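Peer 1: This is the structure I have questions about; it appears just below.
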Amino acid sequence: MGSDDTTGECGHRHPEAGFDLDDRLAAREERGLRRDLAPTERVAARSRVAADPRGEPPTFDDPERLLFATNDYLGLASDERVQRAATEAAKTVGTGAGASRLVTGDTPVHRALERDLAAAKGTDRALVFSSGYAANVGTITALAPDVILSDESNHASIVDGCRLVSAETVVYDHCDADALAVALADRSRATDDETRLVVTDSVFSMDGDIAPLAAICDIAERHGAWVMVDEAHATGLYDGAGGIVQRKGLGERVQVQLGTLSKALGSQGGYVAGSDALIEHLLNAARSFVFSTGLAPPAAGAAREALAIASESERRHRLWSAVDRLREGLEAMGYTVLGETQILPVLVGERAGAMALADRLVDHGVIAPAIRPPTVPTGTSRIRVAPMATHTDAELERCLRAFREAGRAVGVLDE
Ligand code: PMP
């Protein structure tokens, strides 16, 4: 639509005056904050793609590059069994749910997936949403606590959930259990029936670090608060396809376990696992569940199969050994690698250095994005390296070589 076209398809007039969208975009551009879509040719064989993330839509003539930039950590989005399960669900149930789960969109594949998720999480029940984003926003607004205590680095969908409720939201320092304890102690004069929710990601996607969940549970219990953990970047990666809550044996102490089906499970959608009462409440009161079409059946079928594959240890072991090899190789070259999970943030410092390194890595056949302010604090720009279970040993070595050569070329590593 041309910029002088002021009429939308449905006939509403779209007066541009006042909104100054071009100016807003220009201001973003000036601050280096303008983003663009990142075209990719296909999701199959996802650890290698024929794409250049620097803008142009891919063509089949592009050279293949190694992808260290997806959340499909186990490579299950391109697994034939998962693809077959999606196809099967499309054929037997339909490509779309057709309506909200509360109307006519509740199908056997949704129910089966929810049973499997509850089993993996050790909870009474689970409920799937159309995205992890919708799960966070819907859950926080449906719980409608009086007070929310939220880690400062929590995902945007948690932040948006907090913005939509009238709760007082206290943001505590990142992964700082003492700061959380102080924030809750400050509320000791509040009424006893005040409802309090502590909410945190388990694995933080830009730092690759893990929330101090046991300490958080201790503090929450002392103050009668509930704990809600977003396991988006951990689901499927630990024993029994669980997350950090399972790994640390905290299932009984975390009231709301939430996550996404779109990362290690290679599908789409979000989930909440918890008590019968919690799930019953959410399916009545979470507006992003009630007023949204049920998760697409192929996504549910795929996630169910992926969960079964992730519960076997082989894929997970392959991922963790790739993570160890890359961390060790990068550190041996002199890079500082943050975190303690499958997400390897390679610290560069200044924005320009990180951008130059990411750009040069593409020339060396590796796609790994630069993460810069405002996503991360000034002076901590980094390259986010996400290995996959499907990377071969030779590909990991190629990635390390690329980091060595690109790092030297842009002056981030000494000669
Ligand atoms: N929580 C966290 C911690 C995430 O990283 C993401 C995705 N980036 C989400 C929630 C949202 O999940 P989805 O992509 O399924 O909407």
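The values are calculated or read from the model by the stated rules, or taken from the named source; none is laboratory data. All values derive from a computational prediction rather than experimental measurement. Note that each Cβ is placed from the backbone with ideal geometry, even for glycine, and that neighbours are counted across all protein chains shown.
Peer 1: Being within 16 Å of the ligand (Cβ to nearest atom) and on the phi < 0 side of the Ramachandran plot, is that true of even one residue in region 218-226? It would help to see each step written out before you state the result.
Peer 2: Step one: filter region 218-226 for residues within 16 Å of the ligand (Cβ to nearest atom), giving none.
No, because not a single residue in region 218-226 is within 16 Å of the ligand (Cβ to nearest atom) and on the phi < 0 side of the Ramachandran plot.
Peer 1: Against the condition at pLDDT below 95 and of a type in the set (Gly, Ala, Ser), how does Ala89 come out, does it pass? Before you say what the answer is, go through the steps one by one.
Peer 2: Details: at pLDDT below 95: no; of a type in the set (Gly, Ala, Ser): yes.
Here the answer is no, as Ala89 does not meet what is asked.
Peer 1: Out of everything in region 318-336 that is surrounded by fewer than 19 Cβ atoms within 10 Å (Cβ to Cβ) and of a type in the set (A, V, I, L, M), what residue ends up being nearest to Asp239 (Cα to Cα)? Even if it seems obvious, please write down each step before you answer.
Peer 2: Our first condition is that a residue be surrounded by fewer than 19 Cβ atoms within 10 Å (Cβ to Cβ); within region 318-336, this holds for 318, 320-321, 324-325, 328-329, 331-334, 336.
Restricting the remaining residues to those that are of a type in the set (A, V, I, L, M) gives 332-333.
Details: Ala332: 29, Met333: 32 Å.
Among those that are surrounded by fewer than 19 Cβ atoms within 10 Å (Cβ to Cβ) and of a type in the set (A, V, I, L, M), it is Ala332.
Peer 1: Specify which of the listed residues (Thr191, Thr169, Thr195, Thr200) is hydroxyl-bearing (Ser, Thr, Tyr), farther than 24 Å from Gly339 by Cβ, surrounded by 15 or more Cβ atoms within 10 Å (Cβ to Cβ) and out of contact with any Lys or Arg (no Cβ under 7 Å at 6 or more places or on another chain). Lay out the reasoning, then the answer.
Peer 2: On the way: Thr191 fails: surrounded by 15 or more Cβ atoms within 10 Å (Cβ to Cβ); Thr195 fails: surrounded by 15 or more Cβ atoms within 10 Å (Cβ to Cβ); Thr200 fails: farther than 24 Å from Gly339 by Cβ.
After ruling out the rest, the residue left standing is Thr169.
Peer 1: Which members of region 99-122 meet the condition of being buried (at least 18 other Cβ atoms within 10 Å of the Cβ) and among the polar types (S, T, N, Q)?
Peer 2: Once the filter is applied, which keeps residues that are buried (at least 18 other Cβ atoms within 10 Å of the Cβ) and among the polar types (S, T, N, Q), region 99-122 yields only Thr107.
Peer 1: Using the structure shown, decide if Arg125 is surrounded by 21 or more Cβ atoms within 10 Å (Cβ to Cβ) and of a type outside the set (Ser, Thr, Tyr). Walk me through it before giving the result.
Peer 2: Values: surrounded by 21 or more Cβ atoms within 10 Å (Cβ to Cβ): no; of a type outside the set (Ser, Thr, Tyr): yes.
The answer is no for Arg125.
For every residue, the table says whether it meets (1) modelled with pLDDT of 95 or more; (2) at positive phi; (3) exposed (fewer than 12 other Cβ atoms within 10 Å of the Cβ).
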| position | (1), (2), (3) |
| --- | --- |
| Ala27 | no, no, no |
| Arg31 | no, no, yes |
| Asp36 | no, no, yes |
| Glu41 | no, no, no |
| Ala45 | no, yes, no |
| Thr59 | no, no, yes |
| Pro63 | no, no, yes |
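Peer 1: Considering every residue within region 174-184, establish whether at least one is among the acidic types (Asp, Glu) and touching a residue at least 12 places away in the same chain (Cβ under 8 Å). If you could, list the steps in order and put the result at the bottom.
Peer 2: Taking region 174-184 first, the residues among the acidic types (Asp, Glu) are 176, 178.
Filter once more, so that each one left must be touching a residue at least 12 places away in the same chain (Cβ under 8 Å): none.
Checked against the condition, which is being among the acidic types (Asp, Glu) and touching a residue at least 12 places away in the same chain (Cβ under 8 Å), region 174-184 yields no hits at all.
Peer 1: I need the full set of residues from region 166-219 which are in contact with a helix residue (DSSP H, G or I) (Cβ under 6 Å, 6 or more places away or on another chain) and of a type in the set (S, T, N, Q), in order please.
Peer 2: Hits for region 166-219 are Thr169, Ser202.
Peer 1: Further question on the same structure: Hey, which of the helices (runs of 4 or more DSSP H) in region 114-201, taking only ones fully inside, have at least 2 residues that are within 16 Å of the ligand (Cβ to nearest atom), within 24 Å of the chain's Cα centre (by Cα) and farther than 18 Å from Leu278 by Cβ? Step through it out loud before you land on a result.
Peer 2: Details: elements: 132-143, 156-164, 177-185.
So the answer is 156-164.
Peer 1: Any chance you could count how many residues in region 283-303 are within 16 Å of the ligand (Cβ to nearest atom), part of a helix (DSSP H, G or I) and either within 28 Å of Glu252 (Cβ to Cβ) or among the β-branched types (Val, Ile, Thr) (or both)?
Peer 2: 4
Peer 1: So which residues in region 371-396 are touching a Gly at 6+ places or on another chain (Cβ under 8 Å) and assigned to a helix (DSSP H, G or I)?
Peer 2: Across region 371-396, the qualifying residue is only Leu396.
Peer 1: State which residue pairs qualify: first residue under 16 Å from Asn71 (Cβ atoms) and inside region 201-223, second residue within 14 Å of the ligand (Cβ to nearest atom) and of a type in the set (Asp, Glu) in any location, beta carbons under 6 Å apart, and separation of 6 or more residues or different chains.
Peer 2: So the pair list comes out as Asp201/Asp230; Ser202/Glu231.
Peer 1: For a quick check of your reading of the model, give me the residue pairs whose first member lies in region 145-173 and is assigned by TED's automatic domain parsing to the domain that holds Met206 and polar (S, T, N, Q), whose second is more than 16 Å from the ligand (Cβ to nearest atom) and in a loop (DSSP other than H, G, I, E, B), with beta-carbon atoms closer than 8 Å and at least 6 apart or on different chains.
Peer 2: Partner pairs satisfying both residue conditions: Ser166/Ala144.
Peer 1: Can you tell me which residue is farthest from the ligand (Cβ to nearest atom) among those in region 232-258 that are small (Gly, Ala, Ser) and touching a strand residue (DSSP E or B) at 6+ places or on another chain (Cβ under 6 Å)?
Peer 2: We begin by selecting, within region 232-258, every residue small (Gly, Ala, Ser); these are 232, 234, 236, 240-243, 249, 251.
This time we only want the ones that are touching a strand residue (DSSP E or B) at 6+ places or on another chain (Cβ under 6 Å), so: 232, 234.
Values: Ala232: 3, Ala234: 9 Å.
Top of the filtered list is Ala234.
Peer 1: What do you reckon, is Ile148 crowded, with 23+ Cβ neighbours inside 10 Å, more than 16 Å from Gly270 (Cα to Cα) and at pLDDT 95 or above? Spell out how you get there, then give the answer.
Peer 2: On the way: crowded, with 23+ Cβ neighbours inside 10 Å: yes; more than 16 Å from Gly270 (Cα to Cα): yes; at pLDDT 95 or above: yes.
Against the criterion (crowded, with 23+ Cβ neighbours inside 10 Å, more than 16 Å from Gly270 (Cα to Cα) and at pLDDT 95 or above), Ile148 qualifies.
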